[in-house]
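The values are calculated or read from the model by the stated rules, or taken from the named source; none is laboratory data. In this text, all values refer to a predicted model and were calculated from it rather than measured experimentally. Using ideal geometry, Cβ is built from the backbone for each residue, glycine included, and neighbour counts are taken over all protein chains shown.
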Amino acid sequence: MPDAVRATVLGRIRALDRRDRAVVMRAAVIGRRFRFAVLLAASRRAEDTVRAALERACDLQLLIEEDAAGDRYAFRHALTRDVIYDELLQGRVRPLHRRVARVLEAMLAGGDVPLGDLAYHAWAAGDVRRGVRYNELAGDRAAAVHALDDARTYYARALGLVAIGSAAYARVAAKLCAAAPPGAATR
């Protein structure tokens, strides 16, 4: 990444006060695009505080509002999100991913949460139980619609969380092998 881009983004994020920066950092953990409801629940701040932080971040051209209702936001550019994630969240990423995963898990019953997002955040949090469960489930769903690249990604994440030699390891490894492209060498 060019140093000029990094310096510009960091200059803008530093123009925010500590509380607003914390909101934007949590948004960076969620992803390039995020729903206000997920950020609100993950940030554990009052709604007006979160909205005000997002407005200031939009004014600084860090974020854009994707709908008129204020329900969906995105980082202006993927590099903007990457700089914030990489530079400002060092060492604090796993707990934030864990919080986002729990928020998404609570919303899952309503059916309004992409399973892949939940699987990713559980994996990034290092949450073995949730990470294996949701990545394996996402892998199963991807494999069912022949999205084998996605299935392999989910299964590989799940496999990385379980103990070698365990029943879960054997089960997920078998699914990963089954999702291998035709003619691929197996170990």
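Is it the case that some residue within segment 77-84 is charged (D, E, K, R), at pLDDT below 95 and within 30 Å of residue 143 (Cβ to Cβ)? So far as segment 77-84 goes, yes, one or more of its residues are charged (D, E, K, R), at pLDDT below 95 and within 30 Å of residue 143 (Cβ to Cβ). Inspect all residues belonging to segment 46-69 and state whether any of them is among the acidic types (Asp, Glu), in contact (Cβ under 8 Å) with a residue 12 or more places away in the chain and not assigned by TED's automatic domain parsing to the domain that holds residue 121. Within segment 46-69, one or more residues are among the acidic types (Asp, Glu), in contact (Cβ under 8 Å) with a residue 12 or more places away in the chain and not assigned by TED's automatic domain parsing to the domain that holds residue 121. Whenever a residue of segment 162-183 is surrounded by fewer than 12 Cβ atoms within 10 Å (Cβ to Cβ), its partners that are of a type outside the set (Lys, Arg) and modelled with pLDDT under 90, lying with C-beta atoms within less than 7 angstrom and at least six residues away or across chains, give the pairs 163/169. For segment 106-151, the set of residues classified as surrounded by fewer than 17 Cβ atoms within 10 Å (Cβ to Cβ) and β-branched (Val, Ile, Thr) consists of 128, 145, listed by residue number. Tell me the residue from 142, 180, 170 that is more than 30 Å from residue 45 (Cα to Cα), touching a Ser or Thr at 6+ places or on another chain (Cβ under 9 Å) and in a helix (DSSP H, G or I), please. Unique residue meeting the criteria: 142. When segment 1-56 is filtered for residues that are closer than 15 Å to residue 101 by Cα and loosely packed, with under 15 Cβ neighbours inside 10 Å, the ones remaining, listed by number, are 37, 44. Any residue that is buried (at least 17 other Cβ atoms within 10 Å of the Cβ) and out of contact with any strand residue (DSSP E or B) (no Cβ under 6 Å at 6 or more places or on another chain) - is there at least one of those in segment 61-70? Checked segment 61-70: at least one residue is buried (at least 17 other Cβ atoms within 10 Å of the Cβ) and out of contact with any strand residue (DSSP E or B) (no Cβ under 6 Å at 6 or more places or on another chain).
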